[in-house]
1. Run the simple label-point estimate for residue 279 and residue 98 please: 7 Å along Cα→C-beta, distance reported in nm.
2. Keeping the other protein chains in place, figure out the carbon and sulfur percent of the accessible area of the stretch 1-110, with a 1.4 Å probe.
3. ³J(HN,Hα) across the stretch 138-145 via Karplus (A = 6.51, B = -1.76, C = 1.60, θ = phi - 60°), whole Hz, x for Gly/Pro?
4. Label residue 144 and residue 34 with points 7 Å out from Cα along Cα→Cβ: what is the distance between them in nm?
5. About the Cα centre of the stretch 116-173, what is the dipole size in debye to 20, counting +1 per Lys and Arg Cβ and -1 per Asp and Glu Cβ, all else neutral?
6. Using the alpha-carbon centroid of each, what span in Å lies between the stretch 174-225 and the stretch 4-75?
7. Where only protein heavy atoms count, and the probe is 1.4 Å, what is the accessible area per residue for the stretch 25-123 in Å²?
8. Between residue 290 and residue 191, what length in nm is gained on full extension when 0.36 nm per residue of separation is reduced by their alpha carbon distance?
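The values are calculated or read from the model by the stated rules, or taken from the named source; none is laboratory data. Note that this is a predicted model, so its numbers are computed, not measured. Cβ sites come from the backbone with ideal geometry, for glycine too, and all protein chains shown count toward neighbours. For the accessible areas, the whole protein counts, side chains as well, though only heavy atoms, and no ligand, DNA or RNA atoms are used. Shrake-Rupley method; radii C 1.70, N 1.55, O 1.52, S 1.80 Å.
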Amino acid sequence: YNISVTCADEGVPSLSSSVTLCLQISDVNDNAPVFDKSSYEASVQENNTPGLSIFTVRARDADFNQNARVSYILEDSWINGVSVSSLVSVSADSGVIHAVRSFDYEQIKDFQFRVKAQDGGSPPLSSNVTVKITIQDQNDNAPQVLYPVQSGASVVAEIVPRSADVGYLVTKVVAVDVDSGQNAWLSYKLQKATDRALFEVGLQNGEIRTVRQVTDKDAVKQRLTVVVEDNGQPSRSATVSVNVAVADSFPEVLSEFTDFTHEKDYNDNLTFYLVLALAVVSFLFIVSIIAILSVKCYRWRRERMFYKSGANLPVIPYYPPLYADVGGTGTLQHVYNYEVCRTTDSRKSDLKYGRPCSESIISLDTSGTQTLTHAQRETLNFEDSDK
């Protein structure tokens with residue numbers, strides 16, 4: 001403020017003088033930041049690039065200099081069990097909100113959080129604002145067919161009697177799309193059929209109906225391929241196969257589709273079992289050959305060991321207790337000694353007789369099973385001496 005002060009006297013004429021004073025007012029942090037809007041809303045398409053700039057929040061402070069410097073802070077909160085800081089971030093200086101990661105509309109459609117604007121005064125003043133982010137859907141999901149269920153294990157066939165009239169409801173293809181809006185609008189088209197002149201598919205409801213009267217010339221097995229498309233840009237589609245049996249009795253349907261469904265499975269199973277049997281037989285044959293060779297080798301090594309060790313065995317004298325009575329108290333009146341040399345090969349055994357000390361000693365024959373008389377002993381000794 002510029003203040004002018006004039007001082008005048010009361011003389012005639014009056015004399016005066018004036019002075020100008022400059023008054024400066026120092027700022028006090030008495031104003032909090034104020035956002036441009038009471039709340040903010042923004043949208044972003046799913047499958048966005050991480051780090052994408054979504055929009056900007058802005059707040060102003062009526063104070064001066066440092067007291068008017070505003071910083072933006074993201075208040076932490078939880079969204080479906082996930083921290084908001086893992087979804088978005090806020091630039092402290094500019095207030096620009098960035099996407100931290102790529103969003104998926106099928107997981108989260110929208111969320112909101114709070115941003116705080118704080119000035120640089122002491123103590124600082126702040127204010128909050130609510131921000132809502134809406135995720136926009138993209139056509140990133142193809143339709144899913146719920147019925148008929150596609151299974152490779154078995155074939156489900158819809159039965160159409162031969163007496164069916166025009167417009168007979170055969171079945172209905174049921175499909176859903178997890179996208180939203182026009183991306184989830186579905187249309188059904190008959191792509192391929194065994195007889196295209198017999199069936200048609202409803203464009204909006206997926207109902208399969210007969211176009212004409214069924215005749216006896218129509219084949220029992222009818223196969224239809226239906227395409228389900230959504231209305232997205234670009235559109236996505238899914239195909240489903242529908243088996244139809246034109247017959248009046250269940251046994252006829254069973255005989256037709258049993259051969260069709262189980263022929264390939266039967267051939268596959270037969271090939272598997274043949275290969276398995278061949279592998280088992282080959283394994284057993286190899287094991288048997290190895291076992292036989294092992295036994296042969298073991299016996300051959302054992303025989304060689306016996307022949308080599310037979311000539312090197314030590315000679316151990318053997319004195320039977322019944323025929324060696326040193327004290328003369330047994331059945332024999334005198335001592336009779338003999339030596340037996342045994343080896344592992346019985347053909348190399350030897351028997352050596354020792355000459356008795358007295359002629360009255362009873363001797364054994366060469367077989368060791370009979371008792372010799374004194375005359376026979378003399379003859380035996382004579383023959384031994386001649387040899």
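1. In this crude spin-label approximation the distance works out to 5.6 nm.
2. Details: 3690 of 7440 Å².
Carbon and sulfur atoms account for 50 percent of the accessible area of the stretch 1-110.
3. Rounded to whole hertz, the list is 10, 7, 10, 10, 7, x, 10, 8.
4. Once both label points are built, they end up 5.1 nm from each other.
5. 100 debye
6. Between the Cα centre of the stretch 174-225 and that of the stretch 4-75, the gap is 70 Å.
7. 57 Å²
8. 29.4 nm
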